[in-house]
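One structure below.
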Amino acid sequence: MKRAIAVTLAVVFFLSVFLWLPQSSSARARADICYDDWEVCRSRAFQSDEGIIKTTLWLTVCDLALGKCVLGFTKL
Amino acid sequence: MLAIGLGCHNQVGICRQAPPLHYAAREVKREIQADGRPYLSRAVALAYDDSRLFVLDMEEDDIKVFSKSGVFEYLIGRKGQGPGEFHLPSGLDILAGRLYVADSANRRVQVVDTKGRYLSGFRVPFSPHRILALGPERIVVMSLPSGRDGQERVLHGFDGSGQLLWEAGDSFFSRDSVYDLMRNRWFMLRATRGEFFLVPGANGRLIRRLDADGALLGETEVTENYLSQEIDIPAREGKKRTLRAFCWNCASDRERLFLLVPERTDDGDLGPGKTIAVIDKAGGLEATIALPERLTRIAVDGNTIFGIDIDSGLRIFKLEPK
């Protein structure tokens, strides 16, 4: 009985590790892309020469898009 | 009296004997293509040498080269990731026949000659925002703070091979990334003796002078006669925070600083203006220069002003007494 439980737990453990790792790696890669796009968005906004209020709103949009991107709803 | 042209103390340009005087900028050249469109899409930086003007075009990922009389001559670079190619370049400087480019989205610095031949480059661990070459072995790169990790250093000194030598300049941090970024608008301007000025874009009137190792040499407070412009900007939780815009863009020439004064736009925003304030070594208002158009970027060479207007057109002006 003990052996069966140990084997079951081991199987569950390894399955969860193998199923989680690719997702984790993919999520990290996606987050990196999100932050890269966010930097580009901020850089464009900062160099835009729009008025200060418009630039502020543009930067806010960059932040909102980053949040959505990281959460996986959409891509910037 | 101010004198234009030969000036005093053997200097070319503006020379002060009794402040402040007023000058007008007379347009001598407006560069446009045959179809009436400007050559530039989004000009973000200007640099010049003895014979040419180099304009960094962020949108088209290249450097457009003009004669100093404003005639388009040739292009340097194109969009890409290879040597001599750029992706959203945002900073440009020239020193001793070498162009230094802050290749922002490629996260690297590139050095090319004035014909566009690739000379060297190195990676940096951030998106470079502005760049200033103080010598072949002293390249200062400014970063935009991320606003995520508290105060960050925004000035990074590298040698010619890309070895990080020093970091300086703490960013403003208040956990509001948008407001913080607007507060962290700084400009680097070349001074003499391999030194440089750090000029605030907002919320401050202290101009710092640093040496090639990033050490603070001194601070000069700009006179109260030079007025900052206040504007309330949207902040977190529906609140508003006040930003005091100090200058929109600036240039240095022979130890004088030329600050482009922000101005109200028709829709109540605060944008690039039509006045340049000339600031002397002591922070005094030496002169004002009235421009016929709003300019977003300026470079000054003696009594010549190179400017980019709000439609990304290259404009060249000569100073005249008003």
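Considering every Cα-Cα pair within segment B:144-189, what fraction, in whole percent, is farther apart than 15 Å?
That tail contains 46 percent of the Cα-Cα pairs.
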With DSSP loop assignment and no more than 14 other C-beta atoms within 10 Å, the trypsin sites (Lys or Arg not before Pro) in segment B:165-267 are B:Arg175, B:Arg193, B:Lys239
Taking every residue of B:228-235, the Cβ atoms of other protein chains inside 10 Å of its Cβ average out to 3
A correct fewest-to-most ranking of A:Trp58, A:Trp38 by other Cβ atoms within 10 Å would be A:Trp58, A:Trp38
Cα-based Rg/(2.2 N^0.38 Å) for the protein assembly as shown, rounded to two decimals, is 1.10
Within segment B:174-252, DSSP-loop GluC sites (Glu not before Pro) with at most 14 other C-beta atoms within 10 Å are B:Glu224
In cubic angstrom per residue, the convex hull of segment B:8-137 built on its Cα atoms measures 150
Computed on Cα atoms, the radius of gyration and Dmax of segment B:111-221 in angstrom are 14.5, 44
So the FRET efficiency between B:Gln151 and B:Ser120, C-beta based with R0 = 35 Å and rounded to 0.05, is 0.65
Measuring from its Cα centre, chain B shows a charge dipole (+1 at each Lys and Arg Cβ, -1 at each Asp and Glu Cβ) which, in debye to the nearest 20, is 80
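Counting only Cα atoms, I'd like the Rg/Rh figure for segment B:41-97, Kirkwood definition for Rh.
Working: Rg = 10.9 Å, Rh = 11.4 Å.
A ratio of 0.95.
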The equivalent-ellipsoid semi-axes of segment B:68-174, taken as the square roots of five times the Cα gyration tensor eigenvalues and listed largest first in whole Å, are 25, 15, 13
Quick calc of log₁₀ I(q)/I(0), segment B:21-321, Debye, one scatterer on every Cα, no solvent, q values 0.07, 0.14, 0.15 1/Å, result -0.25, -1.10, -1.27
To the nearest 0.05, the calculated FRET efficiency linking B:Glu73 and A:Tyr35 through their beta-carbon distance, R0 being 45 Å, is 0.70
For the pair A:Ala6 and B:Arg236, the simple spin-label estimate (label points 7 Å beyond Cα toward Cβ) gives in nm 5.2
Charge dipole of the protein assembly as shown built from unit charges on the beta carbon (Lys, Arg +1; Asp, Glu -1), centred at mean Cα; most positive-end Cα among B:Phe196, A:Trp38, B:Phe258 is A:Trp38
In whole angstrom, the spacing between the Cα centers of segment B:114-192 and segment B:231-284 equals 21
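All of the numbers you see were taken from the coordinates with simple rules; none came from a lab. This is a predicted model, so every value here is computed, not measured. Using ideal geometry, Cβ is built from the backbone for each residue, glycine included, and neighbour counts are taken over all protein chains shown.
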